[in-house]
Structures are given as C-alpha cells and as structure tokens.
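The values are calculated or read from the model by the stated rules, or taken from the named source; none is laboratory data. What you see is a predicted model, and the numbers here were worked out from it, not measured in a lab. Don't worry about glycine lacking a Cβ; one is built from the backbone with ideal geometry, like all the others, and counts go over all protein chains shown.
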Ligand SMILES: NC(=O)c1ccc[n+]([C@@H]2O[C@H](COP(=O)([O-])OP(=O)(O)OC[C@H]3O[C@@H](n4cnc5c(N)ncnc54)[C@H](O)[C@@H]3O)[C@@H](O)[C@H]2O)c1
C-alpha cells in the first residue's frame, strides 16, 4: 500500500487523536505519523499500541511523545487536544477552556512547524478556528476545521441506507456550524444525478417528503449526543474524517469537502468560520464554494453565522 508522502502530526492522544492516527496508518494518509500529548504515559502507550500493528498496515511510520519539537517539519498538524464534550454539554460551552489551550499550544507548534497546514478538530471547532487563525496569523486556507465533514458522512450514510444506494453515489452536504445550528443543503443534493427531492421509490412514491428530510436532519444534528451518551466519546468516524482531509491536502487532491474556514465575504459573511463545500488540496483550503441555496437555507446559514459570531466574540475573538 503506497502512503502519501508527508508528515502528519496529531496533537492530543485521546479517543479522537488516537483514532485519527489509527485511520491515517491504515489508509496510508501520510508517510510519517506523529502523535503528541501532554500526558506522557498515555501518549507512549497509544504510540506503542499503534506501532505494534504496523506489520499489517502500509509503509507509514508512527512515533510520538510529549515534546512539541516532534512537530518539526510537519506538513499538516491535526489538533484534537483539549477537554471533550460531557453528556448534555453543548460544544459552545467548551469554547473557553479549549481556546486557552490553543493560545499556549499554537505558538509552540508554529515555532517547529511554520509551514504546516493546521486542521482543528477540537470542539467547538468553528469558534476555535477563528481563535486559531487570529493566534497564528496565517492565511485562512491554512488554518481550518474538520467542520461538517463528519456530519456530512453521517448524512450520506443515512440517505444511502434509507434507499439502498451506495454512499459514494450520494452527494449531499451538511453546512454551517459543526453543532446545533448545522443544516443540510437539500437544494443541491443529488443521488446518482437525480435531485434528492425528486427521488422516488420502486412504487413511484416520493422517498424524501419534507417530514422525512426534517427527521434526517435532526438525526444528524443529534448523532454526536447519542454516541456520547452510549460510549462517552465519538472517535472512529471523526478519525476517518480527519484522515480523509489529510489525504486531500498531502495528495494535492483539490477534493470538495465541507471544512470550516474563516469566511471572507462568501454569502456576505466575514470573520466567522463555518463549513461550506470547499476545494481542499495543496496548502489547505484553496477555495470556498458558493453553492446555490434557497431562501430558507440562506436564512439558516446566516443564523448559524450569527450564533458562531456571538460565541467567538464572547471569547474575545
Ligand atoms: N470536530 C469534530 O467533528 C469532533 C468529533 C469528535 C470529537 N471532537 C472533539 O475532539 C476533542 C478531543 O476529544 P477526545 O474524545 O479525544 O478527548 P480526550 O479527553 O479523550 O483527549 C484529549 C487529549 O488532549 C490532551 N491534551 C490536553 N491539553 C493538551 C495540550 N496542551 N497539548 C497536547 N495534548 C493535550 C489530553 O491529555 C487528552 O489526552 C474534544 O474537543 C471533542 O469535543 C471533535
């Protein structure tokens, strides 16, 4: 299995960071995978456990530890460090604690990895992207969040399962905040080229009535709460989502992924980070697309942006 050339540093060796490293090793997302954490015993154990499996992965290596100098020469840094969402806690409530962590962490990382692309996974990832871009002073395309890449994968799985079509043939996006104000873009959703709202079942009846669509949107929006209630964290799907983003960057793919970037006038929104379908390739986010939205979708986008703006401002960003 050929791995993508390049060095991936995953910061935070908790449930999420370890799963990012695991997915990256199995998928060959980067030739060099480095896992770091402030908890020495934890990171050493995770690195050992991952290394013990590398007979069965591709050529990628895994190393790690507590020293930020391990990030030297990184091409991409995925940040998962921080406190996690407790049952019932909203992502926005986490913001303060995790912003303070970034204020210490980012300058140290930038010293060793000044040319890297930085991907925020730590929640609330949109608000933290605004903070991170301001702390790092990098162009918006080089500091972005995994955003609704995970939520979009959840949506495509639900849609595909419902009608018995491969997820690979479903093109639909969740956009906006990675959190409570996120929403699906039904207007531009297609399955095998058929507009989603026109999809009919074998008996000719509409598969996606407004009630069905509302139910699916709600299921995606509350998915994390369900998983967290049952097992205390979400980790596998976000691990795969982050690995996919790493591949798009290191593989210079120019793939369209709904990552979260500080916007610069798209849909009239500035200085707020939220997810929109974006071209991701060499150097990070190369372009944020302005896909067609109906009036309802535009209103929800602006609601999401205002919620995120208020939250970033309450943190001083
Ligand atoms: N964006 C998404 O789609 C998504 C999905 C799932 C989880 N998350 C978020 O990812 C984050 C991590 O979740 P988790 O379940 O792995 O939590 P966790 O508590 O299992 O792990 C967090 C790790 O971060 C480490 N850490 C704390 N401060 C650090 C620092 N300054 N430098 C290095 N490491 C540090 C801790 O020691 C711990 O090992 C949370 O904020 C969670 O909400 C995001």
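Evaluate segment 106-113: report whether one residue or more is within 19 Å of residue 234 (Cα to Cα) and without any contact (Cβ under 8 Å) to a residue 40 or more places away in the chain. No, segment 106-113 contains no residue that is within 19 Å of residue 234 (Cα to Cα) and without any contact (Cβ under 8 Å) to a residue 40 or more places away in the chain. Of all the listed residues (180, 151, 203), the sole one being at pLDDT below 95 and under 22 Å from residue 80 (Cβ atoms) is 180.
Each residue in segment 229-247 was checked for being under 15 Å from residue 121 (Cβ atoms) and surrounded by fewer than 18 Cβ atoms within 10 Å (Cβ to Cβ), and 2 of them qualify.
Here residue 136 clears all of (1) under 30 Å from residue 9 (Cβ atoms); (2) surrounded by 19 or more Cβ atoms within 10 Å (Cβ to Cβ) except the condition numbered (2). For residue 225, state whether it is part of a helix (DSSP H, G or I), more than 16 Å from the ligand (Cβ to nearest atom) and either within 18 Å of residue 117 (Cβ to Cβ) or not assigned by TED's automatic domain parsing to the domain that holds residue 31 (or both). No; evaluated as a whole, the condition is false for this residue. Quick check: is even one residue across segment 184-197 surrounded by 15 or more Cβ atoms within 10 Å (Cβ to Cβ), under 27 Å from residue 23 (Cα atoms) and within 21 Å of the chain's Cα centre (by Cα)? For segment 184-197, residues surrounded by 15 or more Cβ atoms within 10 Å (Cβ to Cβ), under 27 Å from residue 23 (Cα atoms) and within 21 Å of the chain's Cα centre (by Cα): present. Go over the candidates 147, 204 one by one and state the one that is assigned to a loop (DSSP other than H, G, I, E, B) and within 30 Å of residue 110 (Cβ to Cβ). Result of the check over 147, 204: 147. Of all the listed residues (170, 127, 121, 175), the sole one being crowded, with 19+ Cβ neighbours inside 10 Å, within 28 Å of residue 31 (Cα to Cα) and in contact with a helix residue (DSSP H, G or I) (Cβ under 8 Å, 6 or more places away or on another chain) is 121. One residue is enough: does segment 279-299 have a residue meeting the conditions within 16 Å of the ligand (Cβ to nearest atom) and under 25 Å from residue 83 (Cβ atoms)? No: segment 279-299 contains no residue that is within 16 Å of the ligand (Cβ to nearest atom) and under 25 Å from residue 83 (Cβ atoms).
Restricting attention to segment 235-245, does a residue exist that is in a loop (DSSP other than H, G, I, E, B) and over 21 Å from residue 139 (Cβ atoms)?
Yes - at least one qualifying residue is present in segment 235-245.
One residue stands out in segment 122-145 among those that are within 18 Å of residue 76 (Cα to Cα) and out of contact with any strand residue (DSSP E or B) (no Cβ under 6 Å at 6 or more places or on another chain): the one that is farthest from the ligand (Cβ to nearest atom), namely 139. Is it true that residue 215 is surrounded by fewer than 21 Cβ atoms within 10 Å (Cβ to Cβ) and free of Cβ contacts under 8 Å to residues at least 12 places away in the same chain? Against the criterion (surrounded by fewer than 21 Cβ atoms within 10 Å (Cβ to Cβ) and free of Cβ contacts under 8 Å to residues at least 12 places away in the same chain), residue 215 qualifies.
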